[in-house]
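The values are calculated or read from the model by the stated rules, or taken from the named source; none is laboratory data. Source: prediction; values computed, not measured. Virtual Cβ from ideal backbone geometry, glycine too; neighbours counted across all protein chains shown.
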Amino acid sequence: MNTTLKLLQLVLVLFSLCFVLAEKAECADWVLVLEDEKGAFYIDRETLSKNTTNVKEVRELSILKNQPEIIRHTELAEYDCNAKKRRIFTLLPHYKNKRFTLKTNNSPEWETDTSQPGVAAFFRFVCSQK
């Protein structure tokens, strides 16, 4: 699992850099799952995979509106569809000053609050895929 996580984190960084350089979502199979007043929320369908029968991993992209510092962020998240919880292994925020930082956590806590619209949309999409 640890090797797989590190490989997925590397893929996340590379795809995110591809997105930054292209300024378009042409480097992956991005699917819009929600657009609202907070921003646009995408999932890379190519990265959606099952770890077990009820837990799935996926790369997510949020392009934010009206944020003072962050333009967008990419996450590598894991969803437990049966228990209705998620956790984020990697977060890559892109700042307005064109900097970005990679934050990783090999043992993140599970989040159970899925009420935010972006999170709820990601959850519906991920858990509806076979």
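Name the residue that is surrounded by the most Cβ atoms within 10 Å (Cβ to Cβ), counting only residues in segment 63-107 that are under 18 Å from LEU34 (Cβ atoms) and among the β-branched types (Val, Ile, Thr). Across segment 63-107, the extreme among qualifying residues is THR74.
Please identify the pairs in which a residue from segment 115-130 that is closer than 12 Å to ASP80 by Cα has its Cβ atom under 6 Å from the Cβ atom of a residue that is of a type in the set (Ser, Thr, Tyr) and at pLDDT 85 or above, counting only partners at least 6 apart or on another chain. Sorted first by the residue in segment 115-130, then by its partner, the pairs are PHE123/THR114; VAL126/TYR79.
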